[in-house]
1. Assess whether Gly73 counts as being closer than 22 Å to Asp3 by Cβ and surrounded by 22 or more Cβ atoms within 10 Å (Cβ to Cβ).
2. Of the residues Ala46, Ala22, Ala120, which is modelled with pLDDT of 95 or more and surrounded by 14 or more Cβ atoms within 10 Å (Cβ to Cβ)?
3. Restricting attention to the range 77-87, does a residue exist that is surrounded by 12 or more Cβ atoms within 10 Å (Cβ to Cβ), touching a residue at least 24 places away in the same chain (Cβ under 8 Å) and not in a helix (DSSP H, G or I)?
4. Determine whether Ser13 is hydroxyl-bearing (Ser, Thr, Tyr), part of a helix (DSSP H, G or I), in contact (Cβ under 8 Å) with a residue 12 or more places away in the chain and open to solvent by 40 Å² or more (accessible area, probe 1.4 Å).
5. Among the numbered criteria (1) closer than 30 Å to Gln5 by Cβ; (2) in contact (Cβ under 8 Å) with a residue 24 or more places away in the chain; (3) open to solvent by 90 Å² or more (accessible area, probe 1.4 Å), which one does Ala103 miss?
6. From (1) in a helix (DSSP H, G or I); (2) surrounded by 12 or more Cβ atoms within 10 Å (Cβ to Cβ), pick out the condition that doesn't hold for Asp6.
7. Evaluate the following for Glu91: is it charged (D, E, K, R), part of a helix (DSSP H, G or I) and surrounded by fewer than 17 Cβ atoms within 10 Å (Cβ to Cβ)?
8. Give the number of residues within the range 54-67 that are assigned to a helix (DSSP H, G or I) and open to solvent by 10 Å² or more (accessible area, probe 1.4 Å).
Amino acid sequence: MADDQDKTMRLFSHRLSMVYTALVNCCAHLPIPISLPTKAVDKLSAVPAVRRITEIAEEQPMPEEQQAALYTGSLMWLVAMDVFSILVVNEYDEIRAYGGIAATHVAGDALMDLAQWLQAQQD
């Protein structure tokens, strides 16, 4: 059972990292680029930076759908990070872990849509 928990938490951690990387890449290519921490990234540096993105997403000069994708990707990454933190501090809960992983998928999908739009703007 502990092996399953470890495997799920490794997957969750990997998904958080992958989505954060997608967020960093999208933010670097926004009409008004945003820099996010990339070296020695930890919760103390990443969370406030991503929270700020949710506050200013609608100020980006791009259509509402893309603003919403930026907001959703950022927000759902924050939700997943909160869930991950809860799992680390408290007793492991399988449903909570899968919920957090699901949040990373929602975030990743939103950021993929945004990345495709950003790429189309460069072509």
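1. Answer is no for this residue.
2. Being modelled with pLDDT of 95 or more and surrounded by 14 or more Cβ atoms within 10 Å (Cβ to Cβ) holds for just one of Ala46, Ala22, Ala120, which is Ala22.
3. Scanning the range 77-87, I find no residue that is surrounded by 12 or more Cβ atoms within 10 Å (Cβ to Cβ), touching a residue at least 24 places away in the same chain (Cβ under 8 Å) and not in a helix (DSSP H, G or I), so the answer is no.
4. yes
5. (3)
6. For Asp6, the failing item is (2).
7. no
8. The total comes to 9.
The values are calculated or read from the model by the stated rules, or taken from the named source; none is laboratory data. Treat the numbers as computed from the prediction; the structure is a model and nothing was measured. Because the Cβ atoms are built from the backbone with ideal geometry, glycine has one as well, and the counts that use them run over all protein chains shown. The protein model used for the area step is the full one, side chains on, heavy atoms only, and it has no ligands, DNA or RNA in it. Shrake-Rupley method; radii C 1.70, N 1.55, O 1.52, S 1.80 Å.
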